[in-house]
Every structure is written in C-alpha cells, then in structure tokens.
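Student: My questions will all concern the structure given below.
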Amino acid sequence: MFQNLLQDLQNGVLTITINRPDKLNALNKQTIDELHLSLKSAAADPQVRVIILTGAGDKAFVAGADISEFASFTPAQGKVLSEEGHHKLFNFIENMPKPVIAAINGFALGGGFELALACHIRLASEKARLGLPEVGLGVIPGYGGTQRVAALAGKGKAFELILTAEMILAQDAYSWGLINHVVPAEALMTTAQIMASKISARSASALSSAIKSVNASFPSSSQGYSKEVEEFGNCFGTPDFFEGTQAFLEKRKPDFSKGISA
C-alpha cells in the first residue's frame, strides 16, 4: 500500500517505520502524505490502541526534510509547505486520539526532530543525535520546532538549540526535557513495545481524554504557530535561503557574509 512506510500491527500496537534508509528516512512530500494516511487509518481502527513511530536502519530516525523538493520555492510556496505539514502530519500527530510513541534510533534533525516532538512520548537510543539545523540553511524550523522545543525545554534552551543549529546528544536532550527516556540502541524497540503494551491495557476513551486535556495547555492554533508559518515562508525570499540550500545541495559550507537579510 505504501512505498515509504512499513506497518506492523501486533496486540493493539501499530509500529510504523519510515522506510527510506538510503535517504536517511528524510521527509519528502510523498512520505508526509503516506504518514497522514497511515495515522488517519490508525485513528479510526479499533484494533489499533497505540502507535510506535520509528525509522528504518540504525543510522536515522528521520534526518530532516528533503531539501531538494523546496530549494526553489517562493515565499508563498514556503508558507503553504509549512501549513500543509502542520495540518497533515505534525499537528495531526499531536492531536491523535491514540498515543504515539517516537522511537528515535539515530539522527533526528530538522523535520525529523520536529516529527518526534509532535509525538506524545519520545524514547531515544543513546546513539541518537538531535537538532534543528535550519538556520544554517537560511530558514527556520517550520513544522512546530520553534514552539514545541520552547514548550518542553523552555525559551532559553529553544533559542540555544535553534540559533546554534548544533546537534545535541540524546542524554542532553533528556536532561533538557525533550526526551522521556534514553536507552541502549539494542533495547530501544523493546522498551517502546513494553511502554506501548502498558498503555494499550488502559481505557482507550480515557487515553483520548487525557491527550486532549494535556494538549489544551499547548493549543496548536496559537499565535506562535501562525507566526512560525509566516516567518518560515518569508525566509524563502531571502538571499540567505538561496545560498544555504544551494550550499547544502552542492555539499559545501554556506557563505552568509555576502548579504544580511533583515
């Protein structure tokens, strides 16, 4: 049914694996669409009680968005890209009526980290590396990263993570409150399955109500998300965005000294 996803349902736990290991499981438009359809189906399926989301292979959970797809976008197209991503996937996961556990098995960068942040619970391999490198491309996180990091770790840590664009270790992400548990790589999926099994034994209606109640303090329709979408789109019209994306595609370091965008 899906080209970029694997699905496995056992004892009420649906494991969804993003299966693009040759691209480090990068999120392209097709993968986002497939994830939306998979999750929408899971939400309506009474056999599914909990979802585990992970990446294929041992290198990456999701190593970011597929930059080649949007390197030539206009600001208007950039805003649509962000809005559609929020609607189809990131806000969709956050507001799923069934718990979603991210099992972060490697790199979780950019859109990949934002995908994990949208999940209700995050488990990480001690080998995982996480970060929001977007400002190094002349753009900002556009799938909720500016908001969810601040909600989980505080404003100061959000600024540090986003403005430095540096990766952090899984243990650092745990100490910041961005990750629930860090476990050995070989124990990651077992740990996720044990947690999912515990959750699946609880009342489905109560789980749904609990998710709605916790999310009520962090509404996805808030002004912060709207501002993120707007500013993400604005970045697409800057010389820095052109330089940053071209440098990435050409596998060189960007030179942002030629012009500073206000």
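Student: For the stretch 126-261, what mean projected area does the convex hull of the alpha carbons give, in nm²? Please report the intermediate quantities before stating the final value.
Tutor: On the way: hull surface 42.0 nm².
That works out to 10.5 nm².
Student: Using the charge dipole of the chain (Lys, Arg: +1 at Cβ; Asp, Glu: -1 at Cβ; taken about the Cα centre), state which of F70, G244, S226 has its Cα farthest towards the positive end.
Tutor: Going by the Cα projections, it comes out as S226.
Student: Still on this structure, please answer the following. Tell me which of Y143, S125, G106 sits at the most positive position along the dipole axis of the stretch 53-152, charges placed on C-beta atoms (Lys, Arg +1; Asp, Glu -1).
Tutor: Value: S125.
Student: For the chain, what is the accessible area per residue in Å² when the probe is 1.4 Å?
Tutor: Per-residue accessible area for the chain comes out at 47 Å².
Student: Next question, about the same structure. Extent of the chain along each principal axis, from alpha carbon coordinates, in Å, largest to smallest?
Tutor: Result, largest extent first: 58, 39, 36 Å.
Student: Moving to a separate point now. Dipole size in debye (nearest 20) for the stretch 1-88 around its Cα centre, Lys and Arg Cβ +1, Asp and Glu Cβ -1? Write down the numbers at each step before the final one.
Tutor: Details: 8 positive and 10 negative charges, 22 e Å.
In debye, rounded to 20, the stretch 1-88 gives about 100.
Student: If you don't mind, there's one more thing I want to ask. With +1 on each Lys and Arg Cβ and -1 on each Asp and Glu Cβ, how big is the dipole of the stretch 66-160 about its Cα centre, in debye rounded to the nearest 20?
Tutor: 300 debye
Student: Note down the relative contact order for the chain as a percent, whole number, built from C-alpha pairs under 8 angstrom at least six residues apart.
Tutor: After rounding, I find 20 percent.
Student: Once you've got the Cα coordinates, tell me which of K29/K98; K98/K127; K98/K155 are over 26 Å apart.
Tutor: Working: K29/K98 24 Å; K98/K127 28 Å; K98/K155 28 Å.
With Cα atoms farther than 26 Å apart: K98/K127; K98/K155.
Student: Suppose we keep just the DSSP beta bridges with both residues in the chain; what percent of those would be antiparallel, to 5? If you can, show how the numbers build up before the last one.
Tutor: Working: 8 of 30 bridges.
Here the share of antiparallel DSSP bridges comes out near 25 percent.
Student: For the stretch 32-79 and the stretch 4-20, compute the distance between their C-alpha centroids and round to whole Å.
Tutor: Rounded to whole Å, the Cα centres lie 13 Å apart.
Student: Taking all protein chains in place and a 1.4 Å probe, what share, in percent, of the accessible surface of the chain do carbon and sulfur account for?
Tutor: Result for the chain: 56 percent of the exposed heavy-atom area is carbon or sulfur.
The values are calculated or read from the model by the stated rules, or taken from the named source; none is laboratory data. Not measured: the values here are computed from a predicted model. For neighbour counting, all protein chains shown are included, and Cβ atoms are generated from backbone atoms with ideal geometry for every residue, glycine included. Areas reflect the complete protein model, heavy atoms only, side chains present, ligands, DNA and RNA absent. Shrake-Rupley method; radii C 1.70, N 1.55, O 1.52, S 1.80 Å.
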